[in-house]
1. For a quick check of your reading of the model, give me the residue pairs whose first member lies in the range 362-384 and is closer than 15 Å to residue 332 by Cα, whose second is not hydrophobic (A, V, I, L, M, F, W, C), with beta-carbon atoms closer than 6 Å and at least 6 apart or on different chains.
2. Is at least one residue of the range 76-84 assigned to a loop (DSSP other than H, G, I, E, B) and within 16 Å of ligand 2 (Cβ to nearest atom)?
3. Could you check, for the range 205-218, whether at least one of its residues is within 16 Å of ligand 2 (Cβ to nearest atom) and open to solvent by 60 Å² or more (accessible area, probe 1.4 Å)?
4. Filter the range 378-406 down to the residues that are in a loop (DSSP other than H, G, I, E, B) and of a type in the set (Gly, Ala, Ser), then identify the one that is least open to solvent (accessible area, probe 1.4 Å).
5. May I ask you to list the residues in the range 68-91 that are away from ligand 1 (no atom under 12 Å from the Cβ), within 19 Å of residue 43 (Cβ to Cβ) and crowded, with 18+ Cβ neighbours inside 10 Å?
6. Would it be correct to say that residue 319 is over 23 Å from the mean Cα position of the chain (by Cα), in contact (Cβ under 8 Å) with a residue 12 or more places away in the chain and surrounded by 18 or more Cβ atoms within 10 Å (Cβ to Cβ)?
7. Every residue in the range 337-377 that is open to solvent by 60 Å² or more (accessible area, probe 1.4 Å) and either touching a Gly at 6+ places or on another chain (Cβ under 8 Å) or among the hydroxyl-bearing types (Ser, Thr, Tyr) (or both), please.
8. Of the numbered conditions (1) over 25 Å from residue 262 (Cβ atoms); (2) open to solvent by 60 Å² or more (accessible area, probe 1.4 Å), residue 280 satisfies every one except a single condition; which is it?
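The values are calculated or read from the model by the stated rules, or taken from the named source; none is laboratory data. Predicted model, so just to flag it, every value in this text is computed and none were measured. Backbone-built Cβ (ideal geometry, glycine too); neighbour counts: all protein chains shown. Ligands, DNA and RNA are stripped out before the accessible areas are found, and what is left, the full protein with its side chains, is counted by its heavy atoms. Shrake-Rupley method; radii C 1.70, N 1.55, O 1.52, S 1.80 Å.
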Amino acid sequence: MGFFPRLLYLIKNHILSFTHHSSRIIARDQHTISNRDISKNALKVLSHLRVGGFEAFLVGGGVRDILLDNQPKDFDIATNAHPEQVHKLFRNALLIGRRFRLVHVRFGREVIEVATFRANHSHQHNQSNSHQSESGMLLRDNVYGTIEEDAQRRDFTINALYYNINNFCIYDFTNGLQDIEKRVIRMIGDPVARYREDPVRMLRAMRFAAKLNFTIDQNTAAPIEELGILLADIPTARMFEEVIKLLLTGQGEQTYRLLRQYGLFQYLFPATDHSIKQSQSTHNLTENMVLQTLINADERVTQGKPVTPAFLFAALLWYPLQECLAKFHNMAPVPALHQAAQDVIQKQLQSTSIPRRFSTPMKEIWHLQLRLLRRNGNRAQQLLAHKRFRASYDLLLIRQASGEDLGKLGEWWTEFQHSSEQRQEKIVKALQEKRKRNTKKTETVRGKQ
Ligand code: ATP
Ligand code: MG
């Protein structure tokens, strides 16, 4: 059943909800989540916790996505068992996190995340379990609480629905179901305070708005532009993780548009943002590059093809790299590129980390842009065999598509790589002939002057 038929079904049947504490409990016949929508492993963890004498619910993205008829990315579980207790119950469990202690239960490649109900830290004064910075940011959040308190400390209402696999009920403490129906992202509690506690919630609002095609509630959206600066305090490793979720999971283009609309892109890629804003012409090379890269990445994700942060960063920082290169104009191209790459990466590292396994190939992709120009002898053939050829060729095509004039270099490489060896030799020879003719021409012109 699609989402709208589901919705109609809900309305038609008058959601018969009754109040228990302050939650609305939506019974089995009034919603369409079924245990069949939940992964076997998540069901195993849920029932094992219950057999162990604990409460356990499916929560967050899993419930939200099933209600929207989307495939959940992963299944998160909330329980009243403490992390150590969860850990003891499962052989395949791993205690993780300091800022936020939780348990990962592993089943091959699938990881089920189990979190203990947490209370809103502001009601507590236990310094060792909860800790805030001067700006109000939550540095530690390990104060345990009830399910209702747990719902209140979640980010958006649509992410705070709990599903019980034993009685098949949904527990809704924040009117999340209504917001799913209205397709609205609404912060639980006071948005300003909640963003101060954790500024990444601003990025999450963008991500869910793009991913689910929801609108952001006005009060939830209003403080974002002013509070964006708080993202500067987030550890760069967490920012890197967020960038990947924002831009490389299938809705990068739409997410980018929202990030710019709310003035947040500058905190992710400051040099790229600066380059976009500097452009005087209507033909914004840098922004074209960003859009083209994200459109391609979205398409690849849809087709199930892999995407790599190395390519994303190489493309988004390409024009900042060119601007930086201008400073080294009296150096030879290769060392100049090397120096500019170091500088651009160093600057980016103040906003997001870039693990070395991505920054190394990223520099190679940049370096190969120079090698794509040199095609004499057997250089072109050698380059085809390079492990970064494909990514470098893709970047070359995006540069052209963005409006860079490269004299049909992209087309040359397209033809070259799809030709037989014999034909490849001819193509290179033809290029050499053309070059000779061109040098002769310039020499004759010079001679006549
Ligand atoms: P998806 O996994 O599809 O990206 P999700 O909603 O499951 O979306 P997760 O990052 O997996 O997102 O987090 C699981 C749940 O934990 C969320 O639904 C939300 O209830 C809560 N949560 C995650 N991050 C935060 C945060 N920064 N502040 C408050 N609650 C959060
Ligand atoms: Mg999730």
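1. Every condition considered, the pairs that remain are 370/333.
2. no
3. yes
4. Per the stated criteria, the residue is 403.
5. Residues satisfying the conditions are 79, 80, 81, 86, 89, 90.
6. Details: over 23 Å from the mean Cα position of the chain (by Cα): no; in contact (Cβ under 8 Å) with a residue 12 or more places away in the chain: yes; surrounded by 18 or more Cβ atoms within 10 Å (Cβ to Cβ): yes.
Here the answer is no, as residue 319 does not meet what is asked.
7. 360
8. It fails just one condition, (1).
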